[in-house]
1. So in the stretch 1-41, with the set limited to residues that are free of Cβ contacts under 8 Å to residues at least 60 places away in the same chain and within 13 Å of ligand 2 (Cβ to nearest atom), which one is surrounded by the most Cβ atoms within 10 Å (Cβ to Cβ)?
2. Could you run through the stretch 130-154 and say how many residues are more than 7 Å from ligand 2 (Cβ to nearest atom), of a type outside the set (A, V, I, L, M) and at pLDDT 95 or above?
3. Consider Arg187 carefully, then state whether it is touching a residue at least 24 places away in the same chain (Cβ under 8 Å), assigned to a loop (DSSP other than H, G, I, E, B), within 24 Å of Arg6 (Cβ to Cβ) and of a type in the set (D, E, K, R).
4. Restricting the stretch 140-157 to residues that are part of a helix (DSSP H, G or I) and aliphatic (A, V, I, L, M), which is nearest to ligand 1 (Cβ to nearest atom)?
5. If you go through the stretch 42-59, how many residues are assigned to a loop (DSSP other than H, G, I, E, B), free of Cβ contacts under 8 Å to residues at least 40 places away in the same chain and surrounded by fewer than 16 Cβ atoms within 10 Å (Cβ to Cβ)?
6. Looking at (1) within 16 Å of ligand 1 (Cβ to nearest atom); (2) farther than 24 Å from Thr259 by Cα; (3) surrounded by fewer than 15 Cβ atoms within 10 Å (Cβ to Cβ), which is the only condition Arg224 fails?
7. Condition test on Phe272, is it of a type in the set (Phe, Trp, Tyr) and surrounded by fewer than 16 Cβ atoms within 10 Å (Cβ to Cβ)?
Amino acid sequence: MAFQRRIFSGIQPSGNLHLGNYLGAVRNWVALQNEFECIFCMVDMHAITVWQDPAELTRSTRELAAAMIASGIDPQKNILFNQSQNPDHASLAWIFNCVARMGWMNRMTQFKEKAGKDRENVSLGLFAYPALMAADILAYKATHVPVGEDQKQHLELTRDIAQKFNHDYGRELFPLTEPMIFGTATRVMSLRDGSKKMSKSDASDQSRINLTDTADAIADKIKRAKTDPEALPDTVEGLEGRPEAQNLMGIYAALSDKTLEQAVADCAGKGFAEFKKMLTDVSVSVLGPITAEMRRLMADPAYVDGILRDGGEKARALSAPILREVYDAVGFLRP
Ligand code: AMP
Ligand code: TRP
């Protein structure tokens with residue numbers, strides 16, 4: 001059966017949105033919205049698989065919505081909402097909990113990493129996390145999901161769940177969703193250590209450029225970013241073995257919409273002091289308007305909440321008929 005092409009992606013509202021989130025995720029989504037029907041979901045239900053302070057969760061959800069809108073995601077053209085607004089995700093997730101096998105879930109590397117040695121003490125939700133993710137996607141019969149490499153395994157599980165459901169209930173109800181891994185997606189590393197990913201959970205705020213940073217804060221963080229003593233190379237190969245130079249050059253290229261080759265050619269032979277000024281200029285010119293728009297939106301929470309509510313209604317209008325099909329397939333009497 002042919003399924004209409006539909007894109008779904010989710011992102012956790014867990015605070016401290018940074019340049020890595022922007023270059024690795026949000027910016028790619030902005031590019032997609034012109035070509036496809038897109039559903040962008042802030043997964044607050046996934047967020048509470050680990051403890052979240054309630055007031056902070058509300059704030060982070062609004063901040064994420066503001067960041068997405070400020071980055072250019074058009075809430076008229078796309079569906080932008082927070083997961084908990086549409087109860088169909090949770091309903092379908094329960095059904096998927098009964099389709100997925102313990103053995104499949106036990107293999108999930110993200111769970112193993114997040115649970116660590118404390119397995120007995122993590123929430124049941126953390127273990128079931130990938131079944132809820134499958135429900136997010138399949139509640140809309142989404143065919144494509146833009147994600148980072150780290151989420152590929154969860155998408156394979158989504159396909160396994162779809163396949164087993166279709167098989168067990170004898171109908172081609174769900175598509176086998178494909179990942180969309182962006183070839184050009186930039187992996188942004190910490191400003192303090194070029195071998196570590198830029199991350200919201202890094203204890204040092206100096207390690208990341210937050211989307212809420214002022215121009216002065218950005219300039220200061222770049223100025224203090226770790227480097228090495230050499231001048232910049234004249235070839236991409238020359239960046240090898242120089243993780244900090246590689247990272248800063250990658251950021252410079254991504255923010256100035258250049259290939260790495262072009263960016264390296266621009267900066268060949270320059271010292272870090274000069275290069276850091278160029279990097280600061282392009283960072284402030286790209287992020288400045290986004291930050292300003294985010295601030296404006298954050299000052300008007302009623303407006304942001306209204307957008308998310310509208311999005312939630314549009315989302316539910318799409319998922320409701322799909323859930324009816326699922327109920328029929330499973331043998332549930334419909335409400
Ligand atoms: P997280 O903040 O880990 O929940 O990730 C949210 C999204 O941002 C995911 O699509 C990640 O792949 C992306 N992302 C997070 N950190 C980075 C980074 N340092 N570089 C590139 N992409 C990132
Ligand atoms: N697990 C994803 C992450 O941590 C977030 C997510 C939840 C998601 N549901 C999704 C991503 C559905 C894509 C599709 O990044």
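1. Restricting to residues being free of Cβ contacts under 8 Å to residues at least 60 places away in the same chain and within 13 Å of ligand 2 (Cβ to nearest atom), the top hit is Phe40.
2. The qualifying residues number 6.
3. It is false that Arg187 is touching a residue at least 24 places away in the same chain (Cβ under 8 Å), assigned to a loop (DSSP other than H, G, I, E, B), within 24 Å of Arg6 (Cβ to Cβ) and of a type in the set (D, E, K, R).
4. Leu155
5. Summing the residues that are assigned to a loop (DSSP other than H, G, I, E, B), free of Cβ contacts under 8 Å to residues at least 40 places away in the same chain and surrounded by fewer than 16 Cβ atoms within 10 Å (Cβ to Cβ) in the stretch 42-59 gives 2.
6. (1)
7. Criteria not met by Phe272.
So that you can scan it fast, the table gives a plain yes or no per residue for (1) at pLDDT 95 or above; (2) more than 14 Å from ligand 1 (Cβ to nearest atom); (3) within 30 Å of Gly250 (Cβ to Cβ); (4) over 18 Å from the mean Cα position of the chain (by Cα):
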site: Val26; (1), (2), (3), (4): no, no, yes, no
site: Met42; (1), (2), (3), (4): yes, no, yes, no
site: Ser84; (1), (2), (3), (4): yes, yes, no, no
site: Arg119; (1), (2), (3), (4): no, yes, no, yes
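The values are calculated or read from the model by the stated rules, or taken from the named source; none is laboratory data. Nothing here was measured: the structure is a model prediction, and the numbers come from that model. A quick note on method: Cβ atoms are made from the backbone with ideal geometry, for glycine too, and the neighbour counts reach across all protein chains shown.
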